[in-house]
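Worksheet: one structure, shown below.
The values are calculated or read from the model by the stated rules, or taken from the named source; none is laboratory data. Source: prediction; values computed, not measured. Glycine gets a Cβ as well: all are built from the backbone with ideal geometry, and neighbour counts include every protein chain shown. For accessibility, only protein heavy atoms count, side chains too; no ligands or nucleic acids. Shrake-Rupley method; radii C 1.70, N 1.55, O 1.52, S 1.80 Å.
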Amino acid sequence: MNPKKAAAEKAVENIREGMIIGLGTGSTAFWAIQKIGELVRAGLDIKAVATSIQSENLARELGIPILAFSDVVSVDLTIDGADEVDRQGNLIKGGGGALLREKIIAYNSKAFHVIVDHKKMVEQLGKFPLPVEIIPFAHELTLKRLRELAATVVLRKTEDKIFITDNGNMIADGNFYPVSDPASLDARLKSIPGVAETGLFLRHMVTTITVSDDHGNINTIRIAP
Ligand code: 5RP
């Protein structure tokens, strides 16, 4: 059993008729979108907003009705993956570069369900480099200020080209391990002009974390009431 698929399908069980659903990004969210597409084709009446162009394209291919952000007041439920999850339920996200839209959607969701395989669970965040979305203007200065706080900071590239997000920004991947106080680090990073958003998703945003192992065992941990 694919653990990502198992966790995704479990979280999809929270979806109800008439809801507005936030669609995550990445290889775990992929399975949630597939399952939602299946349910829509079987008659489930929902609408969705996507956290990336990639997820929006996939959803459209599967026949999931997509709303423009300007038409959304609030989202009933969002299902998304994560790169790391600590014991308290804080997350690192943004490995796929969609962290800004993911955070906007998660923040505006009544429920935020995180889906991961067991390898994403960690004692302390930060072995996965923390993605920080930065605006291109004067990004060299922003990188300098970030480098004062991290062991290393690397401007994300794909095949020698600077990676550009769906929002036209860049990503700086920083080594902040161990992240002992995610809320303070998040606030400190966001105080730097030029930082658009960080990949730290604090526990108060998270409703549940569904974790699946390679044997198909699924555990849903409740974080927020
Ligand atoms: C994308 C994300 C993803 O949710 C995160 O990178 C996990 O991806 P995957 O499910 O492929 O491991 O934050 O920006």
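With the requirement that a residue be open to solvent by 30 Å² or more (accessible area, probe 1.4 Å) and either under 9 Å from the mean Cα position of the chain (by Cα) or within 11 Å of the ligand (Cβ to nearest atom) (or both), what does the stretch 52-99 give you? Gln54, Asp83, Gly95, Gly96 - these are the residues of the stretch 52-99 that are open to solvent by 30 Å² or more (accessible area, probe 1.4 Å) and either under 9 Å from the mean Cα position of the chain (by Cα) or within 11 Å of the ligand (Cβ to nearest atom) (or both).
Among the residues making up the stretch 196-216, those that are more than 17 Å from Ser109 (Cα to Cα) and either among the acidic types (Asp, Glu) or out of contact with any strand residue (DSSP E or B) (no Cβ under 9 Å at 6 or more places or on another chain) (or both) are Glu197, Asp213, Asp214, His215, Gly216. Residue count for the stretch 185-215, restricted to those that are under 17 Å from Asp173 (Cβ atoms) and within 16 Å of the ligand (Cβ to nearest atom): 7. Within the stretch 182-223, the set of residues being under 18 Å from the mean Cα position of the chain (by Cα) and in a loop (DSSP other than H, G, I, E, B) comprises Gly199, Leu202, Val206, Thr207, Ile223. Scanning the stretch 34-49 for residues that are free of Cβ contacts under 8 Å to residues at least 40 places away in the same chain and touching a Gly at 6+ places or on another chain (Cβ under 8 Å) yields Gly37, Val40, Arg41, Asp45, Ile46, Ala48. Within the stretch 88-107, residues that are in a helix (DSSP H, G or I) have Cβ atoms under 7 Å from residues that are open to solvent by less than 30 Å² (accessible area, probe 1.4 Å) and near the ligand (Cβ under 6 Å from one of its atoms) in these pairs: Leu99/Lys93; Glu102/Gly24; Glu102/Thr25; Glu102/Asp80; Glu102/Lys93; Ala106/Asp80, counting only partners at least 6 apart in sequence or on another chain. Within the stretch 4-13, does at least one residue satisfy the condition of being free of Cβ contacts under 8 Å to residues at least 60 places away in the same chain, more than 16 Å from the ligand (Cβ to nearest atom) and over 15 Å from the mean Cα position of the chain (by Cα)? Yes, the conditions are met somewhere in the stretch 4-13. Residues in the stretch 104-127 that are open to solvent by 70 Å² or more (accessible area, probe 1.4 Å) and either among the basic types (Lys, Arg) or within 12 Å of the ligand (Cβ to nearest atom) (or both): Lys110, Lys119, Lys127. For the residues Asp76, Asp83, Asp45, the requirement of being acidic (Asp, Glu) and under 15 Å from Thr210 (Cα atoms) singles out Asp83.
For the stretch 17-30, the tally of residues that are touching a residue at least 60 places away in the same chain (Cβ under 8 Å) and open to solvent by 50 Å² or more (accessible area, probe 1.4 Å) stands at 0. A count restricted to the stretch 105-124 and to residues that are polar (S, T, N, Q) and over 14 Å from Leu91 (Cα atoms) stands at 2. Kindly indicate whether any position in the stretch 26-36 is away from the ligand (no atom under 14 Å from the Cβ) and closer than 24 Å to Pro3 by Cβ. Within the stretch 26-36 (the criterion being away from the ligand (no atom under 14 Å from the Cβ) and closer than 24 Å to Pro3 by Cβ), the answer is yes, since at least one residue qualifies.
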